[in-house]
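The values are calculated or read from the model by the stated rules, or taken from the named source; none is laboratory data. Since we're looking at a predicted model, the values are computed, not measured. Cβ placement follows ideal geometry from the backbone for every residue including glycine, while neighbour counts extend to all protein chains displayed. All accessible areas refer to the heavy atoms of the entire protein, side chains included, with ligands and DNA or RNA removed. Shrake-Rupley method; radii C 1.70, N 1.55, O 1.52, S 1.80 Å.
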Amino acid sequence: MCGIAGYWSFGNEAFPILLKALENLEYRGYDSFGFATISDGKLVIRKAVGRISNSRCDLIEGRMGIAHTRWATHGGVSERNSHPHRDCTNRFAVAHNGIIENYQELRNYLISEGHNFLSETDTEVISHLIEQMVIKDGRNLKKAVMDVSDKIEGRNAFIVLDAFNNEMIASRKGSPLIVGIKGSSDEEKEVFIASDIPAFLEHTNKVMYIDDGEGVIINGSPLFFRLSDGLPVDKRLITIDWSPGQAEKGDYDHYMLKEIMEQKESIRRAANQNPEELMKVAQMINEAKGVFFIGCGTAAKVCQSAEYFFSEIAGRHVNFVPASEFDNYRHFLIPKTLVIAVSQSGETADVLEAISIAREKGSKVISIVNSIGSSMTRVSDYTFMINAGPEKAVASTKATTSQMTVALLLAYACAGKLKEGMRNLVSLAGEVNDMLNPRYIEHIRYVAENISDSRSIFIIGRGVNYPIALESAIKVMEVSYIHAQGFAGGELKHGPIALIEKGTPVIALVADDDVREEILSNAIEVKSRGAFVIGISPENNEVFDLWIRTPPSLGVLSSIINLIPVQLLAYYLGIINNRNVDMPRNLAKAVTVL
Ligand code: F6R
């Protein structure tokens, strides 16, 4: 969790650039924020609690600095616990992303050495360790960063700003960090470093990836080195195919709405995969001894959908396991097992941990990822990029349907029906385009108004629409804070039906498929106990109190189509209830802690 950023140039003020970088990284954490710059050879630090804005933090001077936006883990939300954290001598400032698992032991040692801690965070041990190694033990900063990276346990990335030597050094071990470069001559050069590309995308789309186990020195052109032995590492400058507009809200009030609307194009882009690569991976799936789809949260629901896609389209069994539970399956992993990891960020700690279990067992790993250059792309045997573009709202929408698109393509490829699958998905993108018109959206807002003061909302589906019911519940809960639960239609009568009372909203996900009659029967069962039934369906039905129309005859693809109106419904439930839909409480976009 948390977003970190750094900036260096010869002539520009760092603060406005870092402020904008933090606004662009705010989706990673939004409890508090802070900056450190070097001005007249001295460290200047400013911090504030709450949403990022310059009105809450005085401008500070300096052409080099670091910044941080926090999602609290160790220590409550307070200015004191906000980053950057300084050492006792006020020479070093540190911004950190990750969790230092052995921080207690390090903190006790540093206190016994006379260091004075000002916060309750794990991060502060880094500033004091650096101070100890540089000032007391006489190491240079690079060596100290290497030794600190070795000492701290867990997945971490940090940047140290040194006011004495006018330089900053960053270390990556498990948490993401990317360098951006603008300008070619030394005088014009600007160097950015951040947890994610959108932090600096408006300045440059030229990047250099820092790999795990590497560090970088920035006080001019970046110098990359190995954390293990300090040896230099050569890097390629890569041009990212994202425009700054893609990471902006544009005319929309919220990123979430913008990203829902973008699904017209994002599904088409996701479907535009290289057929040869799809066939190669399909062959791996067909020959594998066990296939596991793993992911967390919404991505886990995509994995669960994949079980249905492979069964329906290819008659092939694949397993779905929430990545956080994957350890339980380690005994079933052999080199011929295939693990398919699904993730928007490519940085989710539980998924990375599951991948390392698979690697230990010699299993092959394929990833389905959105974030370019993310950790997962670097630890997989092959990665399908879903090309959804930056997804900034914390609640995943366009990435979800793009991940489903790639899973569907793989299922079609396994069945030897790739061309048919590609055609179907392109025509599905056309249906989404027609569906997302202003009248449709207005109708969904009207449906939301009818149920916005509910205590609980239930969503039911069968077959491919069962995982969609589960995902729909996640969307409603996270952005509206209304309790929502998804069920397989057939499971309701085995317990949850006890919760249905007069007016309880139940959303039924219906498609033109062979479970249509059964799910309608389940809708009748709840209706006869007083439920207010909202049907998402190609045709209206007398059991529905309100109806949201979907295009007919989509078969297995109805899962993607049915999810989109619920995403919109969740959005409007959030808006009507005055929620911060882009940044719901307690959540962060990339969960980089276990
Ligand atoms: C919910 C949501 C989360 C993520 C989960 C995994 O809308 O976005 O449940 O799906 O945290 O994140 P990624 O896909 O980045 O691995």
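Over all other residues within a Cβ to Cβ distance under 9 Å of VAL365, the charged ones net out to +1, with Lys and Arg as +1 and Asp and Glu as -1. Counting only alpha carbon atoms, the long axis of helix 141-151 and the longest principal axis of the chain meet at about 50°. Compared with the direct C-alpha span, the chain from ALA498 to GLU360 gains 45.1 nm at full extension, assuming 0.36 nm per residue.
Between LYS249 and GLU120, the modelled labels are 3.2 nm apart [label points 7 Å from Cα along Cα→Cβ].
Surface exposure of the chain, expressed per residue as accessible area with a 1.4 Å probe, stands at 37 Å². Counting only aspartates and glutamates at least 8 places from LYS136 when in the same chain, those with an alpha carbon closer than 12 Å to its own are GLU113.
Per-residue ellipticity at 222 nm computed for the chain from its helices equals -10500 deg cm²/dmol, with DSSP H segments shorter than 4 residues left out and the rest contributing -39,500 (n - 2.57). Applying a DSSP loop filter and a limit of 12 other Cβ atoms within 10 Å to the GluC sites (Glu not before Pro) in the range 502-594 leaves GLU542. In loop segments of the range 499-538 as defined by DSSP, the trypsin sites (Lys or Arg not before Pro) with at most 11 further C-beta atoms inside 10 Å of their C-beta are LYS502. Taking a straight Cα-Cα cut-off under 21 Å and skipping sequence neighbours fewer than 8 places away in the same chain, the lysines within cross-link reach of LYS364 are LYS280, LYS289, LYS336.
Between SER427 and ASP234, the modelled label-to-label distance comes to 5.1 nm, taking each label 7 Å out from Cα in the direction of the beta carbon.
Exceedance of the 22 Å cut-off in Cα-Cα distance is limited, within the set LYS361/LYS589; LYS235/LYS589; LYS301/LYS475, to LYS361/LYS589; LYS235/LYS589.
Shown for the range 123-230: the carbon plus sulfur share of the solvent-accessible area, taken with all protein chains present and a 1.4 angstrom probe, equals 44%. Dipole check for the chain: with +1 at the C-beta of Lys and Arg, -1 at the C-beta of Asp and Glu, and the Cα centre as origin, the magnitude is about 260 Debye. May I ask for the angle, rounded to the nearest 10°, between helix 516-527 and the longest principal axis of the chain, with both axes built from Cα atoms and the value confined to 0 to 90°? It is inclined by approximately 80 degrees. How big is D for the chain, in µm² s⁻¹ as a whole number, if Stokes-Einstein is applied with the Kirkwood radius of its Cα pairs at 37 °C and 0.692 mPa s? Estimated via Stokes-Einstein, D reaches 131 µm²/s. Would you mind pulling out the separation of the Cα centroids of the range 512-541 and the range 181-219, in Å? The distance from the Cα centre of the range 512-541 to that of the range 181-219 comes to 53 Å. Reducing the range 93-171 and the range 430-466 to their Cα centroids gives an inter-centroid distance of 49 Å.
Dipole size of the range 252-435 about its Cα centre, with +1 on Lys/Arg Cβ and -1 on Asp/Glu Cβ: approximately 440 debye, rounded to the nearest 20. The ASN165 and ASP137 beta-carbon pair, evaluated with R₀ = 22 Å, returns a calculated FRET efficiency of approximately 0.85. Under the rule a/c < 1.5 gives rounded, and otherwise a/b versus b/c splits prolate from oblate, where does the range 176-230 land using the Cα gyration tensor? Note, shape of the range 176-230 comes out oblate.
Decide, for the range 252-435, between rounded, prolate and oblate: order the square roots of the alpha carbon gyration tensor eigenvalues as a ≥ b ≥ c, take rounded if a/c falls under 1.5, and otherwise choose prolate if a/b is larger than b/c, else oblate. Here the range 252-435 falls in the oblate category. Straight-distance candidates among the lysines for linking to LYS527, with alpha-carbon spacing under 22 Å and chain neighbours fewer than 8 residues away dropped: LYS493, LYS502. Taking a ≥ b ≥ c as the square roots of the eigenvalues of the Cα gyration tensor, the range 418-534 is oblate, since a/c reaches 1.5 or more and a/b is not larger than b/c. The local environment of GLN344, defined by Cβ-Cβ distances under 10 Å, has a net charge of 0 under the rule Lys, Arg +1 and Asp, Glu -1.
Between the range 14-72 and the range 542-590, the alpha-carbon centres lie 35 Å apart. Model label sites at MET279 and ARG226, defined 7 Å from Cα along the beta-carbon direction, differ in position by 3.9 nm. Annotation for the range 93-150: GluC sites (Glu not before Pro) lying in DSSP loop with at most 16 further Cβ atoms inside 10 Å of their Cβ are GLU101, GLU113, GLU120. Angle, helix 465-480 long axis vs. longest principal axis of the chain, Cα atoms, 0 to 90°, nearest 10? Around 50 degrees separate the two axes. Sorting the segments 36-45, 419-428, 365-374 by their mean number of nearby beta carbons within 10 angstrom, highest to lowest, gives 365-374, 36-45, 419-428. Short-range pairs are left out: with C-alpha atoms under 8 Å and at least six residues apart, the relative contact order of the chain is 11 percent.
For the set LYS173/LYS398; LYS47/LYS143; LYS189/LYS249; LYS151/LYS173, the pairs lying more than 21 angstrom apart at their alpha carbons are LYS173/LYS398; LYS47/LYS143; LYS189/LYS249.
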